[in-house]
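The values are calculated or read from the model by the stated rules, or taken from the named source; none is laboratory data. The structure presented is a predicted model; accordingly, all values stated were derived computationally and were not measured. Cβ sites come from the backbone with ideal geometry, for glycine too, and all protein chains shown count toward neighbours. Accessible surface areas use protein heavy atoms only, side chains included; no ligands, DNA or RNA. Shrake-Rupley method; radii C 1.70, N 1.55, O 1.52, S 1.80 Å.
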Amino acid sequence: EVKEKGRAHYRFYHTHMKSSFPNYIIMESHLRKAIEKGELYVHYQPQVNLSTGAIDSFEALIRWNNRKFGFVSPAQFIPLAEETGLIHQIGEWVLEQVCIQLQKWRGKGYRSVRMAINISPKQFLQEQLVETINFYLSTYMIPPSCIEIEITEGAMQDTQQTLKMLKKLKDLGVFISVDDFGTGYSSLHYLKRFPIDVLKIDQSFVKEIGMNHKDSAITTTIIHLAHSLGLEVIAEGVEREGQVDFLKKANCQKAQGYFFSKPIGPKEIEQQQFVLM
Ligand code: C2E
Ligand code: MG
Ligand code: MG
Ligand code: MG
């Protein structure tokens, strides 16, 4: 794609990149071996139902701890994985880990836990994505309704291919959510076109709700929009009690953020005695 080539070109030749460029290559070679070396793992961040206080869903977020680089943020290595094609292997690995975790929890009686998984644009354009998801769901006997696929607006180009993929996911029975909602182009246009279940209000709007008039107005409007369209709505990046109060008053269904919990390991989740259902 032209746009992606443009981005790679920028990375190669922009002067700011010069010093970090060798690192970028070294990092790729480390990332390539990360799965087999057991350096990757998944953390789970609770999503809180604001009317009941219950936690019945989580977002799966990948983590990488490398001997040379230490903890590397997915905001850094996921784009690298995308550009090098490693995303296919890594994405499939995350999917399997999530299914394994869900199977464990289901075995302990937490049968309606739902897990949101981030799918990056390149993964989303993969022809076999739906078959791959279906394979792991049946291998670990997970109902499709326990999985939510998070797609960013960047992945949703207005093409027949996007529509076809979303319809196939919908037919499979997984939930579809729009991550970082409101930050891309033509958000309203594809809400009309595509079969979406959940809107995730981007952190940048949630950050100053109750303090900044425009952010408050945008957040309230997205919540109303979701309700009118019969969609679920969740606010990301909730760090303060004031934000929780605002979101409750605005009738936002769910919230996720450091105020409730950082992304944590499965053992910690069980120890926290969250109201798993
Ligand atoms: P995202 O999907 O929008 O995830 C939300 C990010 O916000 C996560 O960062 C999360 O740890 C962070 N966060 C949660 N609550 C708060 C809060 O209250 N305050 C602040 N400041 N941040 C909060 P993280 O884990 O570093 O992930 C960054 C991005 O990397 C994700 O953004 C997602 O786009 C991507 N990513 C993470 N895991 C995966 C994965 O398994 N596959 C793919 N394709 N992408 C992933
Ligand atoms: Mg996400
Ligand atoms: Mg997000
Ligand atoms: Mg994001």
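For region 173-215, which residues satisfy the criterion of being assigned to a loop (DSSP other than H, G, I, E, B), within 16 Å of Cys252 (Cβ to Cβ) and within 14 Å of ligand 4 (Cβ to nearest atom)? Result: Gly182, Asp202, Lys207. Out of region 173-184, which residues are open to solvent by less than 50 Å² (accessible area, probe 1.4 Å) and either on the phi > 0 side of the Ramachandran plot or more than 12 Å from ligand 2 (Cβ to nearest atom) (or both)? Gly173, Val174, Ile176, Asp180, Gly182, Gly184 - these are the residues of region 173-184 that are open to solvent by less than 50 Å² (accessible area, probe 1.4 Å) and either on the phi > 0 side of the Ramachandran plot or more than 12 Å from ligand 2 (Cβ to nearest atom) (or both). The set of residues in region 238-277 that are within 16 Å of ligand 2 (Cβ to nearest atom), of a type outside the set (Phe, Trp, Tyr), assigned to a loop (DSSP other than H, G, I, E, B) and open to solvent by 10 Å² or more (accessible area, probe 1.4 Å) comprises Ser261, Lys262, Pro263.
Quick check, is Ala226 more than 16 Å from ligand 4 (Cβ to nearest atom) and surrounded by 13 or more Cβ atoms within 10 Å (Cβ to Cβ)?
It is true that Ala226 is more than 16 Å from ligand 4 (Cβ to nearest atom) and surrounded by 13 or more Cβ atoms within 10 Å (Cβ to Cβ).
Within region 23-78, the set of residues being part of a loop (DSSP other than H, G, I, E, B), within 23 Å of Arg114 (Cα to Cα) and among the hydroxyl-bearing types (Ser, Thr, Tyr) comprises Ser51, Thr52.
If you go through region 58-75 and keep only what is loosely packed, with under 15 Cβ neighbours inside 10 Å and closer than 16 Å to Gly38 by Cα, you end up with Asn65, Arg67, Lys68, Gly70, Phe71.
Of the residues making up region 112-123, none is open to solvent by 20 Å² or more (accessible area, probe 1.4 Å), more than 29 Å from Gly237 (Cβ to Cβ) and assigned to a loop (DSSP other than H, G, I, E, B). Only residues that are closer than 23 Å to Glu92 by Cα and within 16 Å of ligand 1 (Cβ to nearest atom) were counted across region 143-195, and they come to 19.
Kindly establish whether Ala235 is in contact with a Gly (Cβ under 8 Å, 6 or more places away or on another chain) and open to solvent by less than 10 Å² (accessible area, probe 1.4 Å). When the stated conditions are applied, Ala235 passes them. Considering region 37-62, the residues that are of a type in the set (D, E, K, R) and touching a residue at least 24 places away in the same chain (Cβ under 8 Å) include one that is farthest from ligand 1 (Cβ to nearest atom), namely Asp56.
In the list Ile78, Ile100, Ile55, which residue meets the criterion of being within 14 Å of ligand 2 (Cβ to nearest atom) and either buried (at least 19 other Cβ atoms within 10 Å of the Cβ) or at pLDDT 95 or above (or both)?
Step by step, each of Ile78, Ile100, Ile55 is checked, and only Ile78 is within 14 Å of ligand 2 (Cβ to nearest atom) and either buried (at least 19 other Cβ atoms within 10 Å of the Cβ) or at pLDDT 95 or above (or both).
Scanning region 201-220 for residues being basic (Lys, Arg) and either open to solvent by less than 20 Å² (accessible area, probe 1.4 Å) or within 13 Å of ligand 1 (Cβ to nearest atom) (or both) gives a total of 1. For region 105-154, taking the residues that are closer than 21 Å to Glu270 by Cα and among the β-branched types (Val, Ile, Thr), the one that is farthest from ligand 4 (Cβ to nearest atom) is identified as Ile142. Within region 124-157, the residues that satisfy the criterion of being part of a helix (DSSP H, G or I), open to solvent by less than 10 Å² (accessible area, probe 1.4 Å) and either within 15 Å of ligand 3 (Cβ to nearest atom) or modelled with pLDDT under 95 (or both) are Phe124, Ala155. Looking only at region 158-205, which residues are at pLDDT below 90 and among the acidic types (Asp, Glu)? Correct list: Asp158 only.
Looking at region 185-200 only, could you name the residues that are more than 15 Å from the chain's Cα centre (by Cα) and either of a type in the set (Asp, Glu) or open to solvent by 30 Å² or more (accessible area, probe 1.4 Å) (or both)? Of everything in region 185-200, those that are more than 15 Å from the chain's Cα centre (by Cα) and either of a type in the set (Asp, Glu) or open to solvent by 30 Å² or more (accessible area, probe 1.4 Å) (or both) turn out to be Tyr185, Ser186, Leu188, His189, Lys192, Arg193, Pro195.
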